[in-house]
Structure formats: C-alpha cells, structure tokens
Amino acid sequence: MARRILNRKELRLDDEDLERLEAESEEGEAEERREPKKAVRRKSRAKAAREVRLKAFWGVFNQALVQVAQFEYSQRAEADKKAHELSESKKAPHFVQLIKKVIEE
C-alpha cells in the first residue's frame with residue numbers, strides 16, 4: 001500500500017499561520033495584564049586575581065615525605081650532600097625535591 005505524499009510547503013504555511021495567531025493573542029493578553037517589569041539584577045564584578053609570587057627552594061625529605069632540611073635554590077650541591085649524609089647515617093633513603101613557597105609582601 002502506497003503512502004500519501006505530504007505537501008510540506010502547505011504544512012509549513014499552516015504552522016506559521018498558527019504561530020502568528022498565537023503570538024497575536026499573547027500580545028493582546030499581555031497588554032491587558034500590564035504587569036510592572038522586574039528590575040534586572042546586575043552581576044557583580046569579579047575581583048581580578050592577585051598575582052602570587054613564588055620562591056624556589058631545595059628540600060631534603062625522608063621516606064615519610066617529612067621535610068628534614070631546606071636550602072636556597074642556588075645551593076643544590078649542599079642539599080644533595082645533606083641527603084646523602086642522612087641516607088647513610090640513618091639507613092633510610094633521603095631525597096632532594098624542589099619546593100615553591102609563596103612570598104608574603
């Protein structure tokens with residue numbers, strides 16, 4: 001059995017006419033009601049993020065990730081030496097890791 005061919009152009013025109021009629025009736029109802037408009041609330045401006053300054057250090061840590069010593073960034077050799085000494089004397093491995101701390105101004 002063959003299907004009936006739809007005339008899409010007529011269907012679109014019917015739909016547009018229906019939408020136009022609905023819009024006109026809504027406008028008429030809106031004019032009758034005349035409700036006061038609500039005040040639009042403005043979004044508050046977000047504060048600009050303050051730049052955080054960091055300073056780099058070398059930290060000597062044990063196996064439990066507890067910082068044992070701290071050295072300036074330019075003293076990497078001393079930090080490695082301290083980690084090696086602690087590893088041998090305490091028989092637990094110690095390592096050197098970079099630490100970045102916030103500079104308070």
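When the chain is treated as a GNM with alpha-carbon contacts under 10 Å, the residue of Leu86, Leu18, Leu65 showing the greatest mean-square fluctuation is Leu18.
Give me the compactness ratio for the chain, meaning the Cα radius of gyration over 2.2 N^0.38 Å.
Numbers: Rg = 37.3 Å, N = 105, 2.2 N^0.38 = 12.9 Å.
Dividing the Cα radius of gyration by 2.2 N^0.38 Å gives 2.89.
Within a straight-line Cα-Cα reach of under 20 Å, Lys38 can be paired with the following aspartates and glutamates, leaving aside sequence neighbours fewer than 8 residues apart in one chain: Glu26, Glu27, Glu29. Average accessible surface for the chain: 100 Å² per residue, computed with a 1.4 Å probe over protein heavy atoms with every protein chain in place.
The portion of the accessible surface of the chain made up by carbon and sulfur, rounded to a whole percent, is 50 (1.4 Å probe; DNA, RNA and ligands excluded).
By how many nm would the segment from Leu13 to Asp80 lengthen if fully extended, with 0.36 nm per residue of separation less the alpha-carbon distance? Please list the in-between numbers first.
Numbers: separation 67, 0.36 × 67 = 24.12 nm, distance 8.22 nm.
Between Leu13 and Asp80, full extension yields an extra 15.9 nm.
Within the listed set Ser74, Ser25, Ser87, the Gaussian network model of the chain (springs between alpha-carbon atoms below 10 Å) gives the highest mean-square fluctuation for Ser25. Among Ala69, Ala23, Ala48, the largest mean-square fluctuation in a Gaussian network model of the chain (Cα springs under 10 Å) belongs to Ala23.
So if a site counts as exposed when it's one of the trypsin sites (Lys or Arg not before Pro), its DSSP state isn't H, G, I, E or B, and it has at most 12 other Cβ atoms within 10 Å, what's the longest stretch of the chain without one?
On the way: sites that count: Arg3, Arg4, Arg34, Lys37, Lys38, Arg41, Arg42, Lys43, Arg45, Lys47, Arg50, Arg53, Lys91.
It works out to 54-90.
The values are calculated or read from the model by the stated rules, or taken from the named source; none is laboratory data. Values in this document were obtained by computation on a predicted structure and should not be read as measured data. We place every Cβ from the backbone using ideal geometry, glycine too, and count neighbours over all the protein chains shown. Side chains are part of the model used for accessible areas, which takes the heavy atoms of the whole protein and leaves out ligands, DNA and RNA. Shrake-Rupley method; radii C 1.70, N 1.55, O 1.52, S 1.80 Å.
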